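The values are calculated or read from the model by the stated rules, or taken from the named source; none is laboratory data. Note that the structure is a prediction, hence the values are computed from the model and not measured. Heads up, the Cβs are rebuilt from the backbone with ideal geometry, glycines too, and the neighbour counts pull from every protein chain shown.
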Amino acid sequence: MLPRVADSLSFLYLDVVRVQQDDTGVCAEITSARHGTETVYLPTAALSCVLLGPGTSVTARALSTLARHGTTVLVVGSGGVRCYAATLPDSLTTHWLERQARSWANDEQRLGVARAMYAKRFGSGTAPADASLFQLRGFEGARVKAHYQLLAKQYKIGRFRRNYDPESWEDQDPVNLALSAANTCLYGIVHAAIVALGCSPALGYVHSGNQQAFVYDVADLYKAQLTIPLAFSLHASTNPEAQARRSFRDGLRLFKLLPRVVADIQQLLDPSGEYEAEDPDEQLVDLWDPIAGAIPGGINHGLAT
């Protein structure tokens, strides 16, 4: 599973199309007055996630094929800017979900993971080891503000203020439009990696109370390197949302984002690095026991009593 996830293409954004399954595969039908109906086949086995925008319909057979291939499907707003719903493909193992749930449910362990996430964001400028979570949030806010100011000065666009207002979307400046579009694409990639590992997108360590909390946690590790500089580079664009998606997709291969997301999640949940992948051909559903932990499933335990 992991090599395939890491080697997958990044994402595909679709709008005003019909996605369906035929005898050949999953395809998108595009209808226009000028060209009639065109059919484009989707490389489902090689896609990490598909973003379905406004005007898109999808059949149950097509969704089943995407889920079977481990492709995350996100229902998003115009330009991929807002995520409304997502599918959760089956995973081969619950190992990482169990690790995530245990560390999330224990306040001390949850704090440890949250601190590790902040340390990854700070990089060489790691905050003091004895800093509280409240202080870490303050350090992070100051770091992001300084990053905005540096890029605004670099691109000579004056003072910049981050603004996200879906109700007045078209009134926002190109940098904010590009940043929101690029962040949504980043959330899609991170969401795909999380569910491919079998983790829950809802169990966040820094964020809380949202079905995408863990997605926001992990995505924040990369915004300063990926989406924020990209958005500022598009300050003069006449179509910042579409250009942000294209530029973000083009840069993903160079950044090797998917392998990095997988490795970072594993390192955060298992700092010791002692986990060994199971053989998919030998996996069975285990049974839980309060004393022995996991015991083998698929056998008749009545014969052992």
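Looking at V26, V50, which is the one that is closer than 22 Å to R246 by Cβ and either touching a Leu at 6+ places or on another chain (Cβ under 9 Å) or not assigned by TED's automatic domain parsing to the domain that holds R246 (or both)? Full working, then the answer.
Values: V26 fails: closer than 22 Å to R246 by Cβ.
Result: V50 is the single residue among V26, V50 that is closer than 22 Å to R246 by Cβ and either touching a Leu at 6+ places or on another chain (Cβ under 9 Å) or not assigned by TED's automatic domain parsing to the domain that holds R246 (or both).
Those residues that are crowded, with 19+ Cβ neighbours inside 10 Å, within 19 Å of the chain's Cα centre (by Cα) and part of a loop (DSSP other than H, G, I, E, B), I need them from region 218-237; list them, please. Those that are crowded, with 19+ Cβ neighbours inside 10 Å, within 19 Å of the chain's Cα centre (by Cα) and part of a loop (DSSP other than H, G, I, E, B): D220, L221, Y222, K223, L226.
Kindly establish whether R121 is surrounded by 14 or more Cβ atoms within 10 Å (Cβ to Cβ) and modelled with pLDDT of 90 or more.
Details: surrounded by 14 or more Cβ atoms within 10 Å (Cβ to Cβ): yes; modelled with pLDDT of 90 or more: no.
When the stated conditions are applied, R121 does not pass them.
Which count do you get for residues in region 197-215 that are in a helix (DSSP H, G or I) and crowded, with 20+ Cβ neighbours inside 10 Å? Steps first, answer last, please.
Our first condition is that a residue be in a helix (DSSP H, G or I); within region 197-215, this holds for 197, 213-215.
Those left that are additionally crowded, with 20+ Cβ neighbours inside 10 Å: 197, 214-215.
Total meeting the criteria: 3.
R246 meets the conditions (1) within 14 Å of the chain's Cα centre (by Cα); (2) without any contact (Cβ under 8 Å) to a residue 40 or more places away in the chain in every case but one. The failed one is (1). Could you grab the pairs with beta carbons closer than 6 Å, sequence gap of 6+ or different chains, first residue in region 100-113 and over 12 Å from G204 (Cβ atoms), second one hydroxyl-bearing (S, T, Y)? From region 100-113, the pairs are Q109/S103.
Out of the residues in region 29-47 that are assigned to a helix (DSSP H, G or I) and either out of contact with any helix residue (DSSP H, G or I) (no Cβ under 6 Å at 6 or more places or on another chain) or assigned by TED's automatic domain parsing to the domain that holds H191 (or both), state the one that is farthest from L66 (Cα to Cα).
To start, the set of residues in region 29-47 that are assigned to a helix (DSSP H, G or I) comprises 44-46.
From what is left, the residues that are either out of contact with any helix residue (DSSP H, G or I) (no Cβ under 6 Å at 6 or more places or on another chain) or assigned by TED's automatic domain parsing to the domain that holds H191 (or both) are 45-46.
Working: A45: 8, A46: 10 Å.
Among those residues, the one meeting the criterion is A46.
Filter region 21-44 down to the residues that are surrounded by fewer than 17 Cβ atoms within 10 Å (Cβ to Cβ), within 25 Å of V195 (Cα to Cα) and either touching a Cys at 6+ places or on another chain (Cβ under 9 Å) or touching a residue at least 40 places away in the same chain (Cβ under 8 Å) (or both) and list them by number.
Residues of region 21-44 surrounded by fewer than 17 Cβ atoms within 10 Å (Cβ to Cβ): 22-25, 29-41, 43.
This time we only want the ones that are within 25 Å of V195 (Cα to Cα), so: 25, 41, 43.
Passing the criteria: G25, Y41.
Within region 101-118, if we keep just the residues that are of a type in the set (G, A, S) and modelled with pLDDT of 95 or more, the residue that is farthest from L197 (Cα to Cα) turns out to be A105.
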